[in-house]
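Colleague: I'd like to ask some things about the structure below.
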Amino acid sequence: MTVTAWIVLAVVAALVVWAIAVYNRLVQLRNRIANAFGQIDVQLKRRYDLVPNLVEVARGYLAHEAATLEAVIQARSL
C-alpha cells in the first residue's frame, strides 16, 4: 500500500470513529431528555396530588380565621 492509501484509510477510520462518537452522544442526549421529561411528569403528579390537601388546609384555616374574627369583633364591642 502506498502512503496515500494509508492516509485515506486513516481519514476514513477517523471519520468512522467521529461518526460513532457523534451517534453515541446523540443517544446519550436523547436518554437525558427522556429522563428529564420523566422527572417533570413526577413533579406534576406530585403537585396534582398536593393541591387537594392544600385546599383542605385552606378551608380549615378559613374556619379558624372566621372564629377568630368573630372573637375579635365581640371583644371590641364590649
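No lab work stands behind these numbers, since they all come straight from the coordinates. Predicted model, so just to flag it, every value in this text is computed and none were measured. Here the Cβ is made from the backbone with ideal geometry for all residues, glycine too, and neighbour counts use every protein chain on show.
Colleague: Given Cβ point charges of +1 (Lys, Arg) and -1 (Asp, Glu) and nothing else, what value in debye, to the nearest 20, does the dipole of the chain about its Cα centre take?
Modeller: Taking the Cα centre of the chain as origin, the dipole is about 300 debye.
Colleague: Return an integer: the convex hull volume of the alpha-carbon atoms of the chain, in Å³ per residue.
Modeller: About 78 Å³ per residue, rounded to a whole number.
Colleague: Picking from 7, 35, 22, whose Cα lies most toward the positive end of the charge dipole for the chain (charges on Cβ: Lys, Arg +1; Asp, Glu -1)?
Modeller: Going by the Cα projections, it comes out as 7.
Colleague: How far, in degrees from 0 to 90, does helix 3-77 lean away from the longest principal axis of the Cα atoms of the chain, to the nearest 10?
Modeller: 0 degrees
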